Structures are given as C-alpha cells and as structure tokens.
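Below you'll find the structure, written out as structure tokens, and then a few comments.
The values are calculated or read from the model by the stated rules, or taken from the named source; none is laboratory data. Every value quoted in this text rests on a predicted model; they were computed, and no experiment measured them. Don't worry about glycine lacking a Cβ; one is built from the backbone with ideal geometry, like all the others, and counts go over all protein chains shown. With ligands, DNA and RNA removed, areas are computed over all heavy atoms of the protein, side chains included. Shrake-Rupley method; radii C 1.70, N 1.55, O 1.52, S 1.80 Å.
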Amino acid sequence: MKVSDVIEEIIEKSPHTLSPASILRKITQVRDRLLRNLGSAQQQSETVCTAIDLVKDQPAYTLPCPQSAVTEVTMLRDDVYVRLPLRQFHNASIKPYHYFQAGQIGIVPTPDTDVAYGIKVFHAPVLYPLRLDDMDKDTGFDPDYDMLLVYGVLREITNGSESEEYNNKYIQLYMEYQTASNGQERYVVEERW
C-alpha cells in the first residue's frame, strides 16, 4: 500500500475527522514502534553500521540513531574490533563498556588517543517521519502488513468498543506478522518407521 492508501483506509474507518498531517504523524509513530519492538531476524540482518572517530579525552559522542535502535557497539582495540557490553551504571570492575545518556553514547574507559573509526554502532535503519510529499511512496513498513499501521492508528484514535475491536484486529495481524518475519524456517518433519 502507498501512504495515501493507508490514510484513505484510516479516514474510511475512523469516526473522527483528522487532518492528513495528523494521520501521518500517527502512522509514523505506529510504524517506528513496530520496527523497533519486533526485533525479527530480518530486521536484525538489515542493520546499518555507523563509524565514529574516537577523540582523546572525550568520553561521549552523538548517537546516530535512537537508543532503542542500537543492536551492537564495537570498539577498535589492538587493531581488532571487540564488542562493548551495555552498562547503564558505573562499574569499575568491568571495562570496557558503553552507556547511553541524553542522546549520546559514552565509552568507558575514556579514550587516551585519537582513533579513526574507533567505534562502530550497529543499528536498525532510521526511517524519517512521513510527510505530505510522501503520498505516492511506500510506508517503510512491510507492504504485506500495512494494515497493521491502519489498525494501530485506529486503536489509538477510537474509544470504547471500536477501540477494542481495532485492538483485537491489530493483535491478530501482529501475531501473523511476527510468525511470518521471525526468520525461522517453517517445515513439517515426517517420520518414517
């Protein structure tokens, strides 16, 4: 479905009159939440790598994506990239590690030299918010499951039994999507005796 098709579905089913810009914001929120929370094998295989230069005595760097999109962080040590575990609290016994604070990624211990491409941040691709100019484009979500976006928005903008009905449809389609995108092969094992 194109963005315009998703908007038409929402307008058709919604008891409220919302502007297209408002609907686009809600579609973007639902899409981004779905992409962040699913963690499917397919999503993890489509990670982007952003390299950051380490600067001497600088412990924190601008994060290239939302914190929830980060899947792994590595640091160059002795000409080899090693995985940095996440620690949100200071831990003197475990080094090195990374942490997140106010839209930045911090490294412990603080670098003592400049290192080009010293950190690699692997993260899910960041999709930009949908705009009115994007009506003829795809939503950025799995095209076979764009109705998840429709039901996700409708369950948020409706009340009472309507909201419950759209929530049930959303959950059912969400479960189908998880099954289809979990990255595991589905096959039947037939035993012969």
Helix-only CD estimate at 222 nm, as mean residue ellipticity for the chain, using -39500 (n - 2.57) per DSSP H run (n ≥ 4)
-11000 deg cm²/dmol
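Heavy atoms only, probe 1.4 angstrom, no DNA, RNA or ligands counted: give me Y97, Y145 ranked by accessible area, highest first.
I get Y145, Y97, largest accessible area first.
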Give me the extension gain from Q67 to M147: residue separation times 0.36 nm, minus the current Cα-Cα distance, reported in nm with one decimal.
26.1 nm
Listed residues Y128, Y166, Y117 arranged by accessible area, highest first, probe 1.4 Å:
Y128, Y117, Y166
Between F89 and Y128, what is the FRET efficiency for a Förster distance of 45 Å, r being their Cβ-Cβ separation, to the nearest 0.05?
0.85
Considering only the other residues whose Cβ falls under 11 Å of the Cβ of Y145, what net charge follows from Lys and Arg at +1 and Asp and Glu at -1?
-3
Taking Cα atoms, how many degrees apart are the long axis of helix 160-180 and the longest axis of the chain, rounded to 10 and kept between 0 and 90?
60
Once amide H atoms are built 1.01 Å from N in the peptide plane, which residues 5 or more positions from F100, or in another chain, come under 5 Å H to H?
G106
Let me check I have the definition right: for the stretch 67-118, take the eigenvalues of the Cα gyration tensor, multiply each by 5, take square roots. What are those semi-axes in whole Å, largest first?
18, 14, 11
For the chain, set up a Gaussian network in which alpha carbons nearer than 10 Å are linked by springs, and say which option among F89, F122, F141 fluctuates the most.
F89
Say we join alpha carbon atoms closer than 10 Å with springs in a Gaussian network model of the chain; which of D138, D53, D78 then has the biggest fluctuation?
D78
Around K120: net Lys/Arg minus Asp/Glu count, Cβ-Cβ under 13 Å
0
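Take the Cβ-Cβ distance between D5 and N159 as r, set R0 to 30 Å, and report the resulting FRET efficiency rounded to the nearest 0.05.
0.75
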For the chain, take the longest principal axis of its alpha carbons; what is the angle in degrees between that and the long axis of helix 3-13, to the nearest 10 within 0 to 90?
50
Once phi is turned into ³J(HN,Hα) by the Karplus curve 6.51 cos²θ - 1.76 cosθ + 1.60 with θ = phi - 60°, what whole-Hz value does each residue of the stretch 19-29 show in order, with x for glycine and proline?
6, x, 5, 5, 5, 4, 4, 5, 4, 4, 4
Dipole magnitude of the stretch 60-112 about its Cα centre (Cβ charges: Lys, Arg +1; Asp, Glu -1), debye to nearest 20
180
Would you work out which of P85, I10, Q29 lies farthest towards the positive end of the dipole of the chain, given +1 charges on the beta-carbon of Lys and Arg and -1 on that of Asp and Glu, about the Cα centre?
P85
If you work out Kirkwood radius over Cα pairs in Å from the coordinates, which of [x] 19.5; [y] 21.7; [z] 17.7 do you get?
[x]
Looking only at V121, V150, V80, which one moves most when the chain is put into a Gaussian network model with springs between Cα atoms under 10 Å?
V80
Which of K26/K137; K137/K169; K2/K26 exceed 20 Å between C-alpha atoms? The answer is K137/K169
Sequence-distant residues sharing a close amide H with T71 (under 5 Å, placed H)
F122, H123, A124
